[in-house]
Structures are given as C-alpha cells and as structure tokens.
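Student: My questions will all concern the structure given below.
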Amino acid sequence: MVFLAASLFAAESPFLYGIHDHDPDPGEFLNHIKSGTGGTGGWVTATVAVGANTNDFSGANFTSLSNAGHTVICRINYGYYPDGTIPVPAKYDDFATRCKNFMANSSGCNIWLIGNELNLAAEWPFDVSNGRFNYVSPSDYGNGVRKCYNAIKAVRPNDKILPQPCAPWGGPYGSGTQNIGGTNYPHDAQPLSWVQYEAQMLAAVTNTGPLDGIALHIGSRGYTYADIHSTNTFGSLGLYASFFVYKDWIDYGIPAALYSLPLYVTECNGLYYWKGGGPPGEDLTKHYEPGWMQEIFAEFNRYNQSAATNGRPIFRCVNFYRWCGFCDGWNIDGASNTNKSQILADLDASVAQLYRWPTNVISTNPPPAPTGLTATVGNGSVILNWNSGGFANSFKVKRATASGGPYSAIVSNITTTSYVNTSFTPNTTYFYRVSGVNANGESLDSNTASATPTNGLPDVIVTAISWTAAHIGPGTNVVFRATVRNQGSAATPGGVTLGVGFLVDGVQYSWSGGYSSALAAGSSVTLTADGGPSVNYWTATPGVHTVTANVDDIDRFPEGNEANNVLDSNIVVYVSGYALNTGGNATGNFATDNFWSGSTNIFSAATAIDTNGVAFAAPQLVYQTERWSNFSYTLPNLIPNRAYIVRLHFAEISPSVTTTNDRRFHIAINGTQMLTNFDIFAATGAKFRAMAKTFTANADSSGQIAIALTKGASNEAKLSGLEVLPPSPSIAATAAGANILLSWTSYPGKVYRVQFKNDLNAGPWSNLSGDVIGTGNVVSKTDSLLPTARYYRILVVN
C-alpha cells in the first residue's frame, strides 16, 4: 500500500534557486535571488543535530530567513560522525519524541527531513553494544522515520516531513573500518546501489503511512558543461556517472506511485571543491568553471517543463552545497574560494531567467505505462495491484489466456491502482496487463502478470439504484429498488436470501429480503424493498440525500470480493415552495425566518396592518415583523431551471420612516436588479399598510433562488415576508384514441385536482375522479372522449 499525504501545506518559494547552510547567514547569496526575482525569496537547507533526550525541549528559530521570504528546509540529524544521522534502533522512539519536541519549539520552518545519506557507512551510528557500525537497512530507516513522522504530525500536522536523501554513487561496497579517536572499528557491508537503497527506503516508508515529498542529492563529476551532460556510466551497473544521476533517481530510485510528490534538491555541487581540490582521487587542478551553475538551472528547468506534461515528478528547488566558509572544503563563501565572484555572477544570470517550478501540471500526452503489476490468487479471486505511471485519470485492466495475447479489456474506468478479478474459469491460467487513460489517450500496457485461480465464488454487486418517482416531494413515501449483478465465477446459493439493505444518509430504512433463487454468474436481477425496521419505504425530507444499497448486507454466503457490495446514489427531494416570515416566527402557513445571510437586525411593531385590497395578503404578524439592513435569502432544493413566482411582502412599520423618500432600497433576484430605490411609503401611501410585489424567476442550475436586498438612496433595506411558489398550472387537452389526454406542468409534492363542465353556463364544476400528485416535470390524466365539448380547469389542492 502506498500512502500520499493530504495535508494543506504552507506556500513555498516559486523559484528554483537556493543554498545550503543557515548559519552562518547566507544572506549575500539569497540577496542575489531576491534582487533578481523582484523581492521573492529563495530556498535554504538548514542542518541541526538534536540527539534523543526526551526531556530536551529546545528548538531553532529560522524566522530571520522566513520573514525575508525564504523557504527553509531543515535537516534533523540525531548527530554527526560517529554518532550517526539517526540513532541505533533502540533509540528510535526517544529520537521521535525529541524531534517532536524540537519541532514544537521551532519557528520559521515547516519542511523537515530526517537523517542524511544512510547508504554511506560514515552516516551510521556507532553501536557501543557490539563495538561496530551496524548496517542501517532501508527497512530499519523506514521504521525509524515513520515514528518521527507520526510524532511530528501530532504537533505540526500541516508541516511536511521528507525522508533522508541518499548519496549518489554510494554502494554497493564491502565491510571495512572507521576510525574513532585513533582506533579502527568495523563497519558492515552495504549491498545496494544508491538507487536500490532509495527505492527500498521509499517503499519501506510508504508501506506504513504517508509521505510529503522527496529530498535528493545531485551532483556532477566536475564543473563544466560536458560534466553536466556526460552519458558515462558505471560498468555493469549501467547507471550514470555524473549529473544525469538525477535521471537514475527518478527512473530507478523513486517508485512511479510517488511521482506526484514534489522533489527537493537539498545538496548540489561538483564532486570536488568549487575552488579546486577535494576528496582523495580527484583531479586537484580542476575548479569551478564559468557557466556551470547557469546550465544546472537550465537543465532542471528543461526537465521540469517536460515533466509537467508527462507525469514525472517536479523539482521545486536546487540548493547548492554549500555557503559556509569554515564547515568543510565545499564552501562558496570565504577568502579561500577565489571563484566566488564568478559563482555569484552565474547566479545572477540564472536568476534573470526566472526559472519557476511548474504549478499548472497538465498532461498534453497519454499517461506513461503503469508499472509493477502483480497478480495474486485469492479465495475465488485474482488480486491485481500496480503503480500508476502518473497523469492517468483511470485504468483499463486487460486479460488473455496466452502470454502473447490477444488481450481484451475486462474492466475500464478503474480509478484505484488495484482490482479484484472474480470472473474466470477455475484452474485456467490468465495473463493480465494494465494501461492508464487520460483525456489525451491511452498509455502503453504495463508488464504482464499471470495467475491461475483455483476456485470460483459468486461476487454480487449493485449496478443501479432506482425509486418510485423521478421527482419526489417532501412527505413522499419512497420505495427503493436495486439492480444486482453476479460478476463472479459461480452462482449464488439457491434457497439463501439475496438481500439488499437500503440506507438514506447512513440510516437504514428498508430492505429487500424476498429473493432466494440462485443468481447465475453473469446474470442480473432487480430487487424492490419489501421490508424494513417498520415499513418498506423512506418518507422523503427536503434536500440532497445519499442513498446506499448494500447487497448481501449480512454476509449470508462467501464471495470472491467482499469489499464491493455497496453502491451510493444521490436523491434530490425538491420542495414545493417557501413561505417565510422574515424577521419573525411562524404564523399561518408562513414558517419561521430561515435561509438568510447578512444583517442580523430585526424589528417588530404591534400596530395593526391594513391589508384591504392586497391580493394574496399574508397574515398580520408577517407585516408586523421585518429584517432590515443589507441581507439576502438563498432558497434551496427547487427544481433547477424551472420558473417560480416570487412574492415579497412589505409594510412600513419603522419609527424612522414617516414620509416618502425616507426609505429607498434595491432588490435583486438571482443577480438581476428587480427594483431600484424602492419606496414602500410611496407605493402604499401610508405607514402600516400592506403590499406585495410579485416577480417571476427561474431557479438556477443548482435549484436555488437568491433574493438580495441592499441599501439605496436613503435609510436601510427591509423585508416583511417572502413566498416562492410554483406558477399556476396551464392545462392542455389532446385526443388520444377513445380518450382525452389532459397534461400540465407539475411541481413535486403538489396535489392537482382536475374539474370539468359540459356547459360553462351550468352549475358548479365537477371533479374528475382521483387527484394527481406531482412527481415529474409533466403529469397527465385521461378522460373519456365525448361527442360534445367539455371544459376543464385544474386546481392546486395544497
């Protein structure tokens, strides 16, 4: 299992430019970056040794750098030679606690990496219990860093934790000795190449939890253009011997499943010193050459631009090793480096290019092929796992009965990197391949993996959920149905209930428990709820709800895949409309104020309100209360894009308004201005006199109508009540064989009653038997065709 972190991280410098060392202050180098980027900061690698004393709560203060706009990456060591950059395993827990304490008391940094170059024996801790430097395996390190990761995240959950960078060209090598105080002590062999160590280390870390990024050390064999682009390799290893080691890290050291993680180059230099000289065996006549730094940045930028379209990981920084003039021989600062001015000139020329790490990573090509496909035989199944090559939106699983094919797709649109195949003929060998798919096409196929399943089992899944009506109103009794398919390799057992449980928003309301016939492999059946805790239906409430159907919900029989029995679907219960007493409590058919935002100001008056002559007048209490100032109402769960009547109620009750022009305000519905400087007093001619303004508006694509009231030329906006109602239905009548088909636009939850007359001048209207409940966009009813005219009208009963 591979984990990727999902935290929200702090902003990082958008440019690639950086330096190793925080002390002494690398301000001179960083100021060249700030000057060339218009004041934007660069990157800094800081290094500290913290030990494993759980009672030590000291931290570090990097705010002088972060306040200047720079992004700090702090490498936390347990210690330095011979103590090791991480401790012996017995101290892993204490080291994790110390890291947590250090982090909790540090400032100015939120990216941390643990340890350093543990593929080198010089970085292993000396173990006093056996008097030697014991091999720190990738799995040992993975165990230790996971403890640190979990401890740090407990106090700094939004910080990034990176695993240690390995040393390029370090390993494999045999056992040897290392000197402490004049005495040679043995060290173990290190059997892995640098990319093998990196790959196994990253796998060990991500097998137990998430990871936030990857730190790398990258260098070249020298400081010339040719050293950067050298294709020389190491003998039988076939790995690059110079700067193209960065390609080996990506191709062989970093699992493809981690390609979405950012890369941080925390050390970069030539193998010998910038000023000339260096480790034993290096050419002491060589030194830094003009233009090397410029080409390093240019190469990383060229790579990044390509990676942004082909799913490869992105480099975010290149921190050169190092600034400190007295720490070791690789200094850029200090009088001993006579090339410093040239290096800074090259830095200026590089910064002038404004190389940024890509943020809009959009594939313009099909994804790379998935890697690492494995096929494992399970109980009635073949379990497939693979690594994404990056930029795949989905995957296609292909199968054949011969290694050379032909292959046919058995499933598409898989969005995870695993699949359980349950449909097969037992004791047949199958060959599998996987491809990735995105908007630009399909990748090449992965490697081939084979398996021979030994037994078949049923595997039931829900392929669709349906219910009694397309549009459901509040109070509707909804009966659910589930279409169940057996995609396994054997029939479900006859005589055993094939049950489906139905849940709404996680609560079970009904189930289907009446089907017990054998369902053959490859067959489907639709099952309707026929029971439940009390009834076999759910009584609808307004809003968007999640309906879950769970087949074989109480595990009555074994399946080839027990983890795919659930399907979710959304059901929208539309309201028939709204009536709200804005600023007041429920009265009559008007509900208590709701769905508002903005001003909390409300006011009420006890004076009687004159409603004479007001069509569709609201109750007295509606006009005696109000919400005022700037505010809005957003009414949800209406039918998207359908027309509604919006009726707004007003009466002027404020002591601050006594005549025309004392209050003028604006009203907008769904962003369209309906009234400008509306004056209630002018419209009604007096205070305490009711009025209603009626508009037509369509609910938006989300099923909402928004009403906004804002201050105009004087005083404040106000509203006494509002209604959102379906418009009056318009009935159409057409001949349909021996009948008349009556149809009209409907709204969910509304009850419609059709009435008729054979003579408009005759007595009262008669009811056509049977009211109709609105369920879809249009409802209909039939009447027998008569030889004479018949007249119809429609009433909304509720």
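The values are calculated or read from the model by the stated rules, or taken from the named source; none is laboratory data. Bear in mind the structure is a predicted one, so any value in this text is a computation, not a measurement. Neighbour counts run over all protein chains shown; Cβ positions are idealised from the backbone, glycine included. Quick note on the areas: whole protein, heavy atoms, side chains included, nothing else; ligands and nucleic acids left out. Shrake-Rupley method; radii C 1.70, N 1.55, O 1.52, S 1.80 Å.
Student: Treat each spin label as a single point 7 Å out from the Cα along the C-beta direction, and report the Thr710 to Ala402 distance in nm.
Tutor: Spacing of the two 7 Å Cα→Cβ label points: 7.3 nm.
Student: Separate question: To the nearest 20 debye, what is the magnitude of the charge dipole of segment 17-171 about its Cα centre, counting +1 on the Cβ of each Lys and Arg and -1 on the Cβ of each Asp and Glu?
Tutor: In total the dipole reaches around 480 debye.
Student: Could you check the spin-label model distance between Thr364 and Val155? Points 7 Å from the Cα along Cα→Cβ, value in nm.
Tutor: 4.7
Student: Sticking with this one: Gap in Å between the Cα centre of segment 755-798 and the Cα centre of segment 541-583?
Tutor: 37
Student: Could you size up the charge dipole of the chain around its Cα centre, putting +1 on the beta carbon of Lys and Arg and -1 on that of Asp and Glu, and report it in debye to the nearest 20?
Tutor: The calculated dipole for the chain is roughly 2520 debye.
Student: Mind giving me the FRET efficiency for Ile602 and Thr541? R0 is 30 Å, r the Cβ-Cβ distance, nearest 0.05 is fine.
Tutor: Plugging the Cβ-Cβ distance into 1/(1 + (r/R0)^6) gives 0.65.
Student: Can you tell me the order of 483-490, 729-736, 629-636 when each peptide is scored by its average per-residue count of other Cβ atoms within 10 angstrom, highest first?
Tutor: Ranking, from highest mean packing down: 483-490, 629-636, 729-736.
Student: Roughly what % antiparallel, to the nearest 5, for the DSSP beta bridges in the chain?
Tutor: Taking every DSSP beta bridge within the chain, about 80 percent pair in antiparallel fashion.
Student: While we're here: Per residue, how many Å² of accessible area does segment 683-780 show with a 1.4 Å probe?
Tutor: 45
Student: So the label point goes 7 Å from the Cα of Asn585 along Cα→C-beta, right? Which residues of segment 614-632 then have their backbone N under 18 Å from it?
Tutor: Backbone N within reach: 619-627.
Student: Another question, if that's okay. Give me the percent relative contact order of segment 518-636, please, defined on Cα pairs under 8 angstrom at least 6 residues apart.
Tutor: 20
Student: What part of the accessible area of the chain, given as a whole %, is carbon or sulfur when the probe is 1.4 angstrom?
Tutor: On the chain, the fraction of accessible area on carbon and sulfur atoms equals 50 percent.
Student: Which whole-number percentage describes the relative contact order of the chain, with Cα contacts under 8 Å and a sequence gap of 6 or more?
Tutor: Normalised by residue count, the contact order of the chain is 7 percent.
Student: On to the next question. Express in whole angstrom the spacing between the alpha-carbon centres of segment 273-320 and segment 329-350.
Tutor: 14
Student: How many angstrom lie between the Cα centre of segment 131-152 and the Cα centre of segment 35-100?
Tutor: 17
Student: For Asn130 and Ala520 in the same chain, what is the full-extension length gain: residue separation times 0.36 nm, less their Cα-Cα distance, in nm?
Tutor: Working it through step by step, the gained length comes to 133.9 nm.
Student: Let me ask something else. Would you mind getting the accessible area per residue of segment 483-535, heavy atoms of the protein chains only, 1.4 Å probe, in Å²?
Tutor: Averaged over the residues of segment 483-535, the accessible area is 41 Å².
Student: In segment 223-239, which residues have a backbone nitrogen under 15 Å from the label point lying 7 Å from Tyr252's Cα in the Cα-to-Cβ direction?
Tutor: 231-239
Student: Now for a separate question. If you take the charge dipole of segment 431-580 about its Cα centre, with +1 on Lys and Arg Cβ and -1 on Asp and Glu Cβ, which of Ser576, Ala540, Asn550 is farthest toward its positive end?
Tutor: The one lying farthest along the dipole's positive direction is Ser576.
Student: Which order do the peptides 761-767, 351-357 come out in when sorted by mean C-beta neighbours inside 10 angstrom, highest first?
Tutor: Going by the mean number of other Cβ atoms within 10 Å, highest first, we get 351-357, 761-767.
Student: Apply 1/(1 + (r/R0)^6) to the Cβ-Cβ distance of Ala345 and Asn53, taking R0 = 60 Å, and write down the FRET efficiency to the nearest 0.05.
Tutor: So, using R0 = 60 Å, E works out to roughly 0.85.
Student: Sticking with this one: Any idea how far apart Leu785 and Asn798 come out in nm if each label point goes 7 Å out from Cα toward Cβ?
Tutor: 3.5
Student: Sort His70, His287 by accessible area with a 1.4 Å probe, largest first.
Tutor: His287, His70
Student: Between Gln755 and Asn612, 0.36 nm times their residue separation minus their Cα-Cα distance comes to what?
Tutor: Result: 48.4 nm gained on full extension.
Student: Between (1) 71; (2) 60; (3) 41, which matches percent of Cα pairs over 53 Å apart calculated for the structure shown?
Tutor: (3)
Student: Hey, quick one: spin label on Ile180, modelled 7 Å out along Cα-Cβ, who in segment 107-137 has an amide N within reach, i.e. under 13 Å?
Tutor: Residues 122-134 qualify, since their backbone N sits under 13 Å from the label point.
Student: If you take the beta carbon distance between Glu562 and Ser35 as r and set R0 to 60 Å, what does 1/(1 + (r/R0)^6) give as a FRET efficiency, to the nearest 0.05?
Tutor: About 0.45, to the nearest 0.05.
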